[in-house]
Structures are given as structure tokens and as C-alpha cells.
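Colleague: Structure provided below as C-alpha cells; questions to follow.
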Ligand code: ATP
């Protein structure tokens with residue numbers, strides 16, 4: 001029987017429940033893999049400990065990520081089922097803001113059907129070309145064995161900056177070895193993705209992408225190339241990881257209750 005849940009904005013965990021609902025709907029529609037639901041659960045746990053907010057070090061990382069994306073010659077946004085279910089509209093907006101970027105699909109739990117559904121979902125929000133779909137245009141990243149080894153010759157393969165919201169560690173490390181600059185979103189500062197990225201945004205994707213768009217629009221209007229380079233060059237990713245870990249360990253959020 002179809003379940004119907006009413007979510008009220010007054011609920012203290014409204015946004016978290018909304019994200020769950022989006023993922024469950026995505027799962028029922030075939031966009032999200034069952035494993036994607038579990039991965040989200042791991043993220044929720046870290047989000048809880050971070051106080052379900054964007055901490056200062058993540059704000060800084062978002063600013064640096066915005067500058068790096070604006071400086072890139074050819075940035076690629078890598079997407080999967082969870083990213084689609086949670087923020088397809090925002091990812092399409094981000095892509096439009098950047099102007100010289102493109103979107104590429106990569107599914108760990110690949111099925112042709114899921115790929116098609118995700119591609120249709122992006123089309124609904126105005127994306128005209130999604131890389132990573134044409135089998136004749138895919139090539140393998142060295143040292144990776146799963147479906148994650150594939151990249152598009154005209155997408156990630158050519159990119160200088162790859163934005164990986166919700167990526168798996170092996171693939172992030174492999175992309176780094178291809179000399180890509182990696183910007184990641186992952187609530188877990190200890191994941192291999194966070195540890196191996198150039199810019200690690202330790203925050204929930206649903207909060208990050210709107211901030212990122214806002215920041216990019218601001219920097220586009222108000223910063224010179226020299227200023228963008230300064231923002232990127234002074235950044236210390238280890239400091240971001242350390243600060244988020246310190247907050248997780250300090251249980252500061254408990255004080256708010
Ligand atoms: P890695 O392979 O990088 O070492 P992992 O094996 O823990 O990490 P996966 O299982 O590939 O990672 O993916 C789950 C990761 O995604 C978790 O680290 C989790 O914190 C993160 N995550 C899940 N949902 C979100 C979300 N909404 N926003 C940000 N991060 C999320």
C-alpha cells in the first residue's frame with residue numbers, strides 16, 4: 001500500500017526528513033540504488049554531530065571551491081543517483097552559473113535503466129547534454145576495476161577541475177592520480193574522498209549547492225582573476241579537515257539542547 005507522510009516545516013528535523021523523503025521517492029522511481037539509502041544514513045550521522053548546519057570551515061571551503069570552479073578551464077560536475085534525488089534542480093542551476101562546465105554521470109551500482117531515468121530527470125531541468133552515457137566515448141581510468149573506472153573522453157577525461165559531490169574514495173584517489181583538481185562534498189571528514197580531495201567541503205550537499213551558486217554569482221561580479229587566485233592559493237585543506245573533526249569531537253552541538 002502507498003504510504004503518505006505529511007511533513008511539517010515546524011518539525012525540528014524537517015529538512016532531514018525532507019531529504020529522506022526525496023531519497024525514498026528516488027529509490028521507488030529507480031533513480032537511487034538501495035545502497036544509496038545506506039550511504040545517506042552514514043551521512044546523516046555526521047550531519048547530526050555537526051549540528052545540521054554549515055560550519056565556518058565549510059563556508060570557507062565553499063568560497064574556495066567557488067573560486068576554483070570559476071578559474072577552471074573546463075570543470076565537470078560528477079553526478080549519481082543520490083545527487084539527482086536530492087538536488088537535480090540545483091545542480092542544473094550550478095552548471096548554468098559556471099557557463100563553461102558540463103555534467104557527467106557515474107554510477108557505482110550501474111544499470112542501463114537507472115542511467116536512463118537519471119538522464120531524463122536532468123533533461124527535465126534543462127540539461128541538454130549529459131556526459132558518461134555514450135559507451136563509445138568512455139575510457140578507463142588506470143587501476144580501477146568497478147564501474148567507477150569509466151570516464152567520458154569529452155568530459156572528465158579533459159577536465160582540469162572535477163567536482164565530486166558524494167563520490168567514493170577509490171575513484172576520487174584515481175582522479176587525483178590523473179592530475180585533476182578535486183572538489184568534494186562529504187559529511188565525513190575521515191572518508192578517503194575527504195582526505196584525498198584538494199578542497200573538501202564537510203557539509204550536506206543540500207546545503208552546499210545553493211551556497212555555492214550564491215557564492216559563484218557574487219565572485220563573478222566582485223572579484224578579479226588575481227583575487228580568485230589568491231583565495232585558492234591561501235587555502236589549507238588540512239585545516240578544514242582538522243576543524244570539522246574538532247567540532248565532531250567536541251560535541252558542541254549538545255550544548256544547544
Ligand atoms: P570513502 O569511499 O570516501 O572512504 P565511504 O566508503 O564512507 O567513503 P561511501 O559509502 O562511498 O563512502 O558514501 C557515503 C559517504 O557519503 C559517507 O562518507 C557520507 O558521509 C557521505 N554522504 C552521504 N549523504 C550525504 C549528503 N547528503 N551530503 C554529504 N555527504 C553525504
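Values quoted throughout were computed directly from the atomic coordinates according to the rules given, and no laboratory measurement underlies them. Bear in mind that the values here come from a model prediction, so they are computed numbers and not experimental data. In this analysis, Cβ positions are derived from the backbone assuming ideal geometry, glycine residues included, and neighbour counts consider all displayed protein chains.
Colleague: From the square roots a ≥ b ≥ c of the eigenvalues of the alpha-carbon gyration tensor of region 1-125, which class results: rounded (a/c under 1.5), prolate (a/b over b/c), or oblate? Write out the running numbers ahead of the final one.
Modeller: Numbers: a/c = 1.93, a/b = 1.15, b/c = 1.68.
The shape class here is oblate.
Colleague: Working only with C-alpha atoms, what are the Rg and Dmax values of region 145-225, expressed in angstrom?
Modeller: Here Rg and the maximum Cα pair distance are 13.7, 44 Å.
Colleague: Calculated from DSSP H runs of 4 or more alone, at -39500 (n - 2.57) each and per residue, what is the 222 nm mean residue ellipticity of the chain, nearest 500?
Modeller: Numbers: 11 runs with 139 residues, N = 257.
The helix-only estimate for the chain comes to -17000 deg cm²/dmol at 222 nm.
Colleague: Hey, fewest Cβ within 10 Å first, where do 183, 38 land in order?
Modeller: Numbers: 183 26, 38 10.
Ascending Cβ contact count within 10 Å gives the list 38, 183.
Colleague: Wrap a convex hull around the Cα atoms of the chain, take a quarter of its surface area, and give that in square nanometres.
Modeller: Values: hull surface 57.9 nm².
With the hull built on Cα positions only, its mean projection is 14.5 nm².
Colleague: Need the full-extension length gain, residue 59 to residue 109, defined as separation in residues times 0.36 nm minus the C-alpha distance. One decimal, nm. Mind showing how you got there, number by number?
Modeller: Numbers: separation 50, 0.36 × 50 = 18.00 nm, distance 3.14 nm.
Once the chain is fully extended between residue 59 and residue 109, it gains 14.9 nm.
Colleague: While we're looking at this one, here's another question. Just rank 47, 170, fewest to most, by other beta-carbon atoms within 10 angstrom.
Modeller: Numbers: 47 22, 170 19.
Going from sparsest to densest Cβ surroundings: 170, 47.
Colleague: Can you give the % of DSSP beta bridges in region 103-237 that are antiparallel, to the nearest 5?
Modeller: Working: 3 of 13 bridges.
Around 25 percent of the beta bridges assigned by DSSP in region 103-237 are antiparallel ones.
Colleague: At a threshold of 8 angstrom on Cα-Cα distance, excluding pairs fewer than six apart, so keeping six or more, what relative contact order does region 1-82 reach in percent?
Modeller: Details: 26 pairs, mean separation 25.5, N = 82.
Answer for region 1-82 is 31 percent.
Colleague: Please grab the % of Cα pairs in region 72-212 that end up more than 20 Å from each other. It would help to have the intermediate numbers written out before the result.
Modeller: Values: 4029 of 9870 pairs.
Cα-Cα pairs in region 72-212 separated by more than 20 Å: 41 percent.
Colleague: Round to a whole angstrom and tell me the spacing of the C-alpha centers of region 21-40 and region 190-205.
Modeller: Here the two parts' Cα centres lie 22 Å apart.
Colleague: May I pose another question? Express in whole angstrom the spacing between the alpha-carbon centres of region 73-135 and region 138-186.
Modeller: 15 Å
Colleague: What is the distance, in nm, between label points placed 7 Å from the Cα along the Cα-to-Cβ direction at residue 25 and at residue 6?
Modeller: 1.7 nm
Colleague: Okay, next question. So for each of 217-227, 131-141, 82-92 I average, over its residues, the number of other beta carbons within 10 Å; can you give me the resulting order with the highest mean first?
Modeller: 82-92, 131-141, 217-227
Colleague: Give me the extension gain from residue 18 to residue 236: residue separation times 0.36 nm, minus the current Cα-Cα distance, reported in nm with one decimal. Walk me through the numbers on the way to the answer.
Modeller: On the way: separation 218, 0.36 × 218 = 78.48 nm, distance 3.34 nm.
Contour length minus the Cα-Cα distance gives 75.1 nm.
Colleague: Sticking with this structure for a sec: Can you tell me, using C-alpha contacts under 8 Å and at least 6 residues apart, the relative contact order of the chain as a whole percent?
Modeller: On the way: 403 pairs, mean separation 60.8, N = 257.
Computed value for the chain: 24 percent relative contact order.
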